[in-house]
Amino acid sequence: MDELLRWMDFLAIAVLAVSGALVASRKQMDIVGFILIAAVTGFGGGTVRDLLLGRTPVFWLQSPAQIGLCAGLSVFVFFFAQRIESRFRSLLWADAIGLALYAIVGTETALSFGVGPAAAVLLGTVTATFGGILRDIICNEVPLILRKEIYATAAAAGAALFVLLTESGLAREYAFLISAGFVFAIRAIAILRGWSLPTYRRRTTNAFSDDV
Amino acid sequence: MDELLRWMDFLAIAVLAVSGALVASRKQMDIVGFILIAAVTGFGGGTVRDLLLGRTPVFWLQSPAQIGLCAGLSVFVFFFAQRIESRFRSLLWADAIGLALYAIVGTETALSFGVGPAAAVLLGTVTATFGGILRDIICNEVPLILRKEIYATAAAAGAALFVLLTESGLAREYAFLISAGFVFAIRAIAILRGWSLPTYRRRTTNAFSDDV
Amino acid sequence: MDELLRWMDFLAIAVLAVSGALVASRKQMDIVGFILIAAVTGFGGGTVRDLLLGRTPVFWLQSPAQIGLCAGLSVFVFFFAQRIESRFRSLLWADAIGLALYAIVGTETALSFGVGPAAAVLLGTVTATFGGILRDIICNEVPLILRKEIYATAAAAGAALFVLLTESGLAREYAFLISAGFVFAIRAIAILRGWSLPTYRRRTTNAFSDDV
């Protein structure tokens, strides 16, 4: 499991770093801006997880390999992003893989710290979404989390599934792959079909005339 | 005092969670979005307080009851917010109660950690305002803190009053209730009368023509 | 070195606090708003550094002098900002000095914690930029980091130079002054000449028609 977790962690950082670099390219930043936004996106969720659990110094301070990965991918995107047909679509897909992986990595870490099931699901959801939220806030983009299709819900559903599967005795490796696949599948359908859950509906337009 | 503090903490989380859910309803999010924004708003200030003081794992990771409270209230608001005449007004009032309670809870925690008076007032103000700031930033709303009426000032004044009262020997329970009431009273008048302190005034419009 | 570091820390907090207060004046906040934004800007970078390294309680909780400095400068700016010809220019310069100092203070702290060179440069860049990022996000301004001239790059270059100089055996005091001067010089030229690095260039406008 530890080996699997380590690789999934690397993969999550890689795809989220790419998603960060793609937003940097939309904002026409310079190369260091690419690396900084890629690092914030790739390391953001895991950093918040480590801080909340009290695991400091946070993970990337001791991992030159992960920083190198981030920087290398940023440079790559900087030079080749112009070849990508649609950067926004690529961003959505990279973000989806990162969301799926970090949701389960976060939940698993929380459980291994002896945190209860509800808190583990919440921490998994926060870990999965915060890198992207930081990326969008710093870059002045509308956060993906505010878009209509299912987003945080996919992460929360996968985190809950992972808690259920491991508590029911399934080996963690299988539980991990099934749950992460579940998050990605929901998110993929949401992207492809513009899927969304029923959202809160406004009563009338008039009733909110004093809403700023 | 510990008993009182515990209940005030619950009440603060409850009203801030409701304020978060109300913003989620303004943004027409789905149910998990409601719960996530409610949790960020309700737990945000206390989380920042715990991180700054080094109290990790942060409080809500060990408190399923508080997570349940947040989730329950989010579901409630999700189904019943449409019955509320004005969600923005309700949001202002819920936010005001949360601001009052967290300002004093934050200051009291800082003092009990042996932090000096000025730092305790600053930490109380940060604890009181950060949940709401996070809520507004993630949801792309203009932060309440930028509105013209008195906001952070109410929290800071109450935090300072609490430091004064406890240092002058008043029992913490009374100091708590008086100071929290003071914050709420200031904020209530500010909301009802559009009260504001004298703010910085621009000299002329021309002089800032190079301001972006 | 410790003495120098202590003074540079104070100076960094002072100029960043002024930059925060200047943004507060652009937003026409009241006096407590000035102090709060000045504190967030002045203490923000160092707070993130301390949290990531696990140095809690964070530095300003034990430093009434630094809080007093922040508050005093905020009051000063509140009353005298209207005399300043251009608040935006002043903000750029105060921010530039703070960026230079915090980039090297952050890198030096990371190195003294036994963090590797790549992580130290990243932490220095984050320390240097996060106070300003928080200031701009909370105040709803376009982050300086998104402007076209060199910004984060200056911090990263100086942090890298500091790592190189100290590893090559130069006394830390000299390395500090040279590297901080280097950051400031780059940033100064960038401000004066509107200097920028080659940024990512869009291929055509059409190709991104589905970019939101």
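Brief remarks follow.
- One residue alone among A:ALA96, A:ALA120, A:ALA81 is at pLDDT 95 or above and in contact with a helix residue (DSSP H, G or I) (Cβ under 6 Å, 6 or more places away or on another chain), and that residue is A:ALA120.
- Scanning segment A:134-144 for residues that are within 7 Å of chain B (Cβ to nearest Cβ) and touching a Gly at 6+ places or on another chain (Cβ under 8 Å) yields a single hit, A:PRO143.
- If you filter segment B:18-30 down to residues that are not in a helix (DSSP H, G or I) and not charged (D, E, K, R), you find that the one that is farthest from the other protein chains (Cβ to nearest Cβ) is B:MET29.
- Selected residue (criterion: surrounded by the fewest Cβ atoms within 10 Å (Cβ to Cβ)) from residues of segment C:36-63 that are touching a residue at least 12 places away in the same chain (Cβ under 8 Å) and of a type in the set (S, T, N, Q): C:THR47
- Verdict on C:ALA159 being at the interface with chain A (Cβ under 10 Å from one of its Cβ atoms) and either under 25 Å from C:VAL115 (Cβ atoms) or over 12 Å from the mean Cα position of the chain (by Cα) (or both): no
- B:GLY68 falls short on exactly one of the conditions (1) at pLDDT below 90; (2) part of a helix (DSSP H, G or I), and that condition is (1).
- Verdict on C:ALA160 being buried (at least 23 other Cβ atoms within 10 Å of the Cβ), touching a residue at least 12 places away in the same chain (Cβ under 8 Å) and assigned to a helix (DSSP H, G or I): no
- For C:ARG172, the stated conditions do not hold, so it cannot be described as of a type in the set (Lys, Arg) and closer than 19 Å to C:VAL48 by Cα.
- Hits in segment C:162-199 - residues which are within 14 Å of chain A (Cβ to nearest Cβ) and either over 19 Å from the mean Cα position of the chain (by Cα) or not hydrophobic (A, V, I, L, M, F, W, C) (or both): C:ARG187, C:GLY194, C:SER196, C:LEU197, C:PRO198, C:THR199
- Counting residues in segment A:102-115 that are within 10 Å of chain B (Cβ to nearest Cβ) and surrounded by fewer than 20 Cβ atoms within 10 Å (Cβ to Cβ) gives one or more.
- Residue match in segment B:5-17 (condition: in a helix (DSSP H, G or I), away from chain C (no Cβ under 14 Å) and basic (Lys, Arg)): yes
- Filtering C:ALA118, C:ALA128, C:ALA152 for residues that are within 9 Å of chain A (Cβ to nearest Cβ), over 21 Å from A:ALA65 (Cα atoms), of a type outside the set (S, T, N, Q) and in contact with a Gly (Cβ under 7 Å, 6 or more places away or on another chain) leaves a single hit, C:ALA152.
- Checking A:THR127, A:THR109 one by one, the residue that is of a type in the set (Val, Ile, Thr), over 15 Å from A:ALA154 (Cα atoms) and either within 18 Å of the chain's Cα centre (by Cα) or not in a helix (DSSP H, G or I) (or both) is A:THR109 and no other.
- Matching entry among C:GLY68, C:GLY72, C:GLY33 (being over 30 Å from A:ARG49 (Cβ atoms), without any contact (Cβ under 8 Å) to a residue 40 or more places away in the chain and more than 9 Å from chain B (Cβ to nearest Cβ)): C:GLY72
- Residues of segment C:84-95 that turn out to be more than 8 Å from chain B (Cβ to nearest Cβ) and assigned to a helix (DSSP H, G or I), as a count: 6
- Checking each residue in segment A:134-151 for being surrounded by fewer than 24 Cβ atoms within 10 Å (Cβ to Cβ) and closer than 24 Å to C:ILE133 by Cβ picks out A:LEU134, A:ASP136, A:ILE137, A:CYS139, A:ASN140, A:GLU141, A:VAL142, A:PRO143, A:LEU144, A:ILE145, A:LEU146, A:ARG147.
- Residue, nearest to C:ARG55 (Cα to Cα), within segment B:7-30, restricted to residues that are of a type outside the set (A, V, I, L, M) and buried (at least 24 other Cβ atoms within 10 Å of the Cβ): B:GLY20
- Residue count for segment A:38-63, restricted to those that are away from chain B (no Cβ under 14 Å) and over 14 Å from A:GLY98 (Cβ atoms): 5
The values are calculated or read from the model by the stated rules, or taken from the named source; none is laboratory data. Please read all numbers here as calculations on a predicted model, not as lab measurements. Please note: Cβ atoms are built from the backbone with ideal geometry, for glycine as well, and neighbour counts cover all protein chains shown.
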